[in-house]
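Below is one structure; the comments refer to it alone.
The values are calculated or read from the model by the stated rules, or taken from the named source; none is laboratory data. Values in this document were obtained by computation on a predicted structure and should not be read as measured data. As a convention, Cβ positions derive from the backbone with ideal geometry for all residues, glycine included, and neighbour counts pool all protein chains shown.
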Amino acid sequence: MENQRLSLSIFFPCYNDKGTIGTLVLEAKQVAEKLTNDFEIIVIDDGSTDGSRELLRSLQNEVHQLRLVFHKKNKGYGATLRSGFKASVKDLIFYTDGDGQYDVKELPLLWKKMSKDIDIVNGYKIKRSDPMHRIIVGAIYQYIMKLAFSLPIKDPDCDYRLIRKRVFEKVNLKSNTGTITIELVKKIQQAGFKFTQVGVHHYFRTYGKSQFFNFSRVIKTLYKLIILWFELIIFSKKNKENL
């Protein structure tokens, strides 16, 4: 297979994910070894205080391909992803969250879809495994984001992606919050890169809790999304008209 000649970076954002991050790293190694002989695994720890860092340091003795990036303090999900994209040096970059709600063993599904004319393979949740209020809010959020930003994929909130490293030669991300997923997809689309999609499974969180679902964070995210909409939709149209 042609993709076997490509190198692979796998990274996980981590914030207080001690109960899941170790298993993800070990499974990532097993999966990567079947796809390519040139890979790295990176964990970006965003100021964890639950012992995640100590666990990760001990894992380096077992997983020699593991590199660790530690933020001195919590910077936010967007900043963590940006650190991951910057730290990744291989041809293809795969990332998913460190909370274990996605199965890293499904990465080959994305790998098979990465053909010559594709730049990003985006997962979409076959079925969301969350409390009902999160399912409802998530469905509304997806609908509004796809409509407002004219996004080319069905599930922009699914953080299970395989992206060519060269994408980031043109795409410069700025978000420090969860709005980065919308910024990422829209900027890749605006840069002319090609998408495809594949369904992946989503599982209940078994350790820790979501950092998003509190009132102040939701309000902050909505504010950031409005600013992002003006920047990527309104101002972008005006700039094109002035050319």
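Can you tell me which residue among Ala28, Ala79 is over 14 Å from the mean Cα position of the chain (by Cα) and in contact (Cβ under 8 Å) with a residue 40 or more places away in the chain? Of Ala28, Ala79, the one residue that is over 14 Å from the mean Cα position of the chain (by Cα) and in contact (Cβ under 8 Å) with a residue 40 or more places away in the chain is Ala28. Scanning segment 138-156 for residues that are under 19 Å from Pro13 (Cβ atoms) and in contact with a helix residue (DSSP H, G or I) (Cβ under 6 Å, 6 or more places away or on another chain) returns a single hit, Pro156. Take the conditions surrounded by fewer than 15 Cβ atoms within 10 Å (Cβ to Cβ), within 25 Å of Arg82 (Cβ to Cβ) and of a type in the set (Val, Ile, Thr) and apply them to Thr49. Does it pass? Answer is yes for this residue.
Take Ile118 and decide whether it is among the hydrophobic types (A, V, I, L, M, F, W, C) and either within 18 Å of the chain's Cα centre (by Cα) or crowded, with 18+ Cβ neighbours inside 10 Å (or both). Steps first, please.
Values: among the hydrophobic types (A, V, I, L, M, F, W, C): yes; either within 18 Å of the chain's Cα centre (by Cα) or crowded, with 18+ Cβ neighbours inside 10 Å (or both): yes.
Considered against the rule, which asks whether it is among the hydrophobic types (A, V, I, L, M, F, W, C) and either within 18 Å of the chain's Cα centre (by Cα) or crowded, with 18+ Cβ neighbours inside 10 Å (or both), Ile118 comes out as yes.
Ile44 passes every criterion in (1) crowded, with 20+ Cβ neighbours inside 10 Å; (2) over 28 Å from Lys187 (Cα atoms); (3) among the β-branched types (Val, Ile, Thr) apart from (2). Scan segment 117-137 residue by residue and report those that are modelled with pLDDT of 90 or more, touching a helix residue (DSSP H, G or I) at 6+ places or on another chain (Cβ under 8 Å) and part of a loop (DSSP other than H, G, I, E, B). Scanning segment 117-137 gives a single hit, Asp119.
Matching residues to (1) hydroxyl-bearing (Ser, Thr, Tyr); (2) farther than 20 Å from Tyr203 by Cα; (3) in contact with a helix residue (DSSP H, G or I) (Cβ under 6 Å, 6 or more places away or on another chain):
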| residue | (1), (2), (3) |
| --- | --- |
| Arg5 | no, yes, no |
| Ser9 | yes, yes, no |
| Val25 | no, no, yes |
| Glu33 | no, yes, no |
| Ile42 | no, yes, yes |
| His64 | no, yes, no |
| Arg67 | no, yes, no |
| Leu81 | no, yes, yes |
| Leu92 | no, yes, no |
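Of the residues making up segment 117-132, those that are more than 16 Å from Gln197 (Cβ to Cβ) and touching a residue at least 40 places away in the same chain (Cβ under 8 Å) number 2. Among the residues of segment 214-226, is there at least one that is among the aliphatic types (A, V, I, L, M), modelled with pLDDT of 90 or more and within 18 Å of Leu151 (Cβ to Cβ)? The answer is yes; a qualifying residue exists.
Ile140 meets each of the listed conditions (1) assigned to a loop (DSSP other than H, G, I, E, B); (2) without any contact (Cβ under 8 Å) to a residue 40 or more places away in the chain apart from (1).
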